[in-house]
1. If a residue has to be aromatic (Phe, Trp, Tyr) and surrounded by fewer than 22 Cβ atoms within 10 Å (Cβ to Cβ) to count, how many in region 41-63 make the cut?
2. Within region 22-30, does at least one residue satisfy the condition of being surrounded by 21 or more Cβ atoms within 10 Å (Cβ to Cβ), charged (D, E, K, R) and not in a loop (DSSP other than H, G, I, E, B)?
3. In region 13-32, what residues are in contact (Cβ under 8 Å) with a residue 60 or more places away in the chain and more than 16 Å from LYS106 (Cα to Cα)?
4. Somewhere in region 120-127, is a residue in a strand (DSSP E or B) and of a type outside the set (A, V, I, L, M)?
5. Residue under question is ARG38, and the condition is that it be modelled with pLDDT under 95, farther than 24 Å from VAL153 by Cβ, exposed (fewer than 15 other Cβ atoms within 10 Å of the Cβ) and not aliphatic (A, V, I, L, M); does it hold?
6. Go through region 67-99 and report how many residues are in contact (Cβ under 8 Å) with a residue 40 or more places away in the chain and not in a strand (DSSP E or B).
7. Suppose we filter region 119-168 for residues that are basic (Lys, Arg) and surrounded by 14 or more Cβ atoms within 10 Å (Cβ to Cβ); how many remain?
8. Testing THR63 on (1) modelled with pLDDT of 95 or more; (2) farther than 23 Å from ARG172 by Cβ, one condition comes back false. Which one is that?
Amino acid sequence: MPDFNQVLDPGNYQEGVINTVIEISKGSNLKIEWDRKRAAFTLDRIEPAIYTKPVNYGFIPQTIDEDGDELDTLVICDEPLPTGIWIEAKIIGVLDFEDDQENDYKIICVPKDNRNNGDSINSLDDLSNQLKLQIEEHFKHYKDLKKPASTIVKGWGDIQRAKEIIAECIERYKQS
């Protein structure tokens, strides 16, 4: 399997488009993670069924977030996307999140070529309040049975804030 960090770049984030690799499908309770040292996906753990992912979960290659992992993405679309595929995605914002006292941002995006709903979603304002609440509740509580109160959702940021975080994470990757 190729190392995504060697063959796939972050995309043209300045123009609002990123490359993202899917780790966890919407509706899954499997905590799958990319292991960049082995260039393979690994099953980290199986979450309780009540904590299935409300959206597709992935990462931007050639980035490192403050927690030492690739910068996470939450891909909003109607369908579960399979682990291991990559897509071009349109940035619509960021979830400011803290996990075990470390910043762990989630870039919110939609597939770039998504005629079902991606063309009508251009910012966080285009998401339903219900979906945003569902995402917040998931990240506030998905570790409760294992380690209560270890996660904090700090709020939402706009596209410009997302681009700033992506730039910081690309620079951190280059320095590693």
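The values are calculated or read from the model by the stated rules, or taken from the named source; none is laboratory data. What you see is a predicted model; the values in this text were computed from it and never measured. FYI the Cβ positions are ideal-geometry reconstructions off the backbone, even for glycines, and counts take in every protein chain you see.
1. Applying the first criterion (aromatic (Phe, Trp, Tyr)) to region 41-63 yields 41, 51, 57, 59.
Now restrict to residues that are surrounded by fewer than 22 Cβ atoms within 10 Å (Cβ to Cβ): 41, 51.
Residues flagged as aromatic (Phe, Trp, Tyr) and surrounded by fewer than 22 Cβ atoms within 10 Å (Cβ to Cβ) within region 41-63 amount to 2.
2. Yes; the residues of region 22-30 include at least one that is surrounded by 21 or more Cβ atoms within 10 Å (Cβ to Cβ), charged (D, E, K, R) and not in a loop (DSSP other than H, G, I, E, B).
3. Taking region 13-32 and keeping what is in contact (Cβ under 8 Å) with a residue 60 or more places away in the chain, we get 13-14, 16-23.
Across region 13-32, the qualifying residue is only GLN14.
4. no
5. It is true that ARG38 is modelled with pLDDT under 95, farther than 24 Å from VAL153 by Cβ, exposed (fewer than 15 other Cβ atoms within 10 Å of the Cβ) and not aliphatic (A, V, I, L, M).
6. Counting residues in region 67-99 that are in contact (Cβ under 8 Å) with a residue 40 or more places away in the chain and not in a strand (DSSP E or B) gives 10.
7. Narrowing region 119-168 to residues basic (Lys, Arg): 132, 140, 143, 146-147, 154, 161, 163.
Imposing the further condition that a residue be surrounded by 14 or more Cβ atoms within 10 Å (Cβ to Cβ) reduces the set to 132, 140, 143, 161, 163.
The total comes to 5.
8. Going through the list (1) modelled with pLDDT of 95 or more; (2) farther than 23 Å from ARG172 by Cβ, THR63 breaks only (2).
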